[in-house]
Amino acid sequence: MAVFWGILFIFGICLFLYMLREAFLNHVVQHVFCFPDFPKSFGRVSLFFISDIHRRVISDKIIYSVKGHADLVIIGGDLTEKGVPFKRVEANLRKLKQIGPVYFVWGNNDYEQDPDKLEKIMKRLNIKVLKNTAVTFESEIGEKWSLLGVDELGQERDRLDLALLAADEASFKILISHYPGITEKILPESEIRLVLSGHTHGGQIHILGYSPQKRGGVKQLANTTLLISNGYGTTALPLRLGAPAECHLITLSSE
């Protein structure tokens, strides 16, 4: 019996260390999306997408591996949460700015902090907050693509209709929403080709393969393509199992 409990103890320690390792990975998942209607004059556009940072400090390894390979940075919400020092938040933002221009959408945990203070930091660092609005990029020959962002959906702050109005109607559209559930509000006529989201942490901890949330990944839906990230940080427990921490380097092209 003593041997059994000894083996069980060692197994528990090993499992704990493995879960800790999965929670603090610095893995960049690469995706290539080819859309025939993506404006050819832009060539290839690369986006660095990171969501659900929470309490983590972004590793310099991430910055060094992505710098020079991404045209812009997108933060998919839950940059912070209650109790995270604003000094750490600002340090993370300054790191991300080394990669390129930064765009941010609100997550539910971001509102646990002082929203006004967070927005002031964003403004000071010249970070664009996509709060039910959009930004449109135009090539030299007049082709366009738009990045739309909606506010936090869980408290019904989201206004996809306003974001669509802010985007150029004829542009290729990408939507950023902390909640993947925004896809239920997308109509065919919205012509949103790609949605980037997080929030679920990919389930974070899967016991015998089961978790209330599915692992992150790419899904082809009726009206759009959806990417759900496992996220970079954790909530409640700094542990993961079956849903390792991740961020994303996304390349868009027409072929």
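The values are calculated or read from the model by the stated rules, or taken from the named source; none is laboratory data. Bear in mind that the values here come from a model prediction, so they are computed numbers and not experimental data. Cβ sites come from the backbone with ideal geometry, for glycine too, and all protein chains shown count toward neighbours.
Here are the numbers for the structure shown:
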item	result
Strands (runs of 3 or more DSSP E) lying entirely in segment 183-255 (those with 1 or more residues that are buried (at least 22 other Cβ atoms within 10 Å of the Cβ) and of a type outside the set (Gly, Ala, Ser))	192-197, 225-228, 247-253
Candidate set from segment 41-86 (those that are polar (S, T, N, Q) and closer than 26 Å to Ser171 by Cβ); member that is surrounded by the most Cβ atoms within 10 Å (Cβ to Cβ)	Ser51
Among the residues listed as Glu152, Glu140, Glu156, Glu81, the single one being in contact (Cβ under 8 Å) with a residue 24 or more places away in the chain, more than 29 Å from Leu239 (Cα to Cα) and either assigned to a loop (DSSP other than H, G, I, E, B) or out of contact with any Asp or Glu (no Cβ under 7 Å at 6 or more places or on another chain) (or both)	Glu140
Any chance Phe49 is touching a residue at least 24 places away in the same chain (Cβ under 8 Å), within 24 Å of Glu140 (Cβ to Cβ) and among the hydrophobic types (A, V, I, L, M, F, W, C)	no
Candidates Thr80, Thr133, Thr183, filtered to the one that is modelled with pLDDT of 95 or more, out of contact with any strand residue (DSSP E or B) (no Cβ under 9 Å at 6 or more places or on another chain) and among the polar types (S, T, N, Q)	Thr80
Tally of residues being outside any helix (DSSP H, G or I), modelled with pLDDT of 95 or more and touching a Lys or Arg at 6+ places or on another chain (Cβ under 9 Å) across segment 94-113	9
Selection count where residues are under 30 Å from Ala236 (Cα atoms), assigned to a strand (DSSP E or B) and either of a type outside the set (A, V, I, L, M) or without any contact (Cβ under 8 Å) to a residue 12 or more places away in the chain (or both), scope segment 1-43	2
Pairs with Cβ under 9 Å, 6+ apart, first in segment 194-205 and touching a residue at least 60 places away in the same chain (Cβ under 8 Å), second polar (S, T, N, Q) and in a strand (DSSP E or B)	Leu194/Thr225
When residues of segment 196-222 are limited to those that are within 18 Å of Thr235 (Cα to Cα) and hydrophobic (A, V, I, L, M, F, W, C), the one modelled with the lowest pLDDT	Ile207
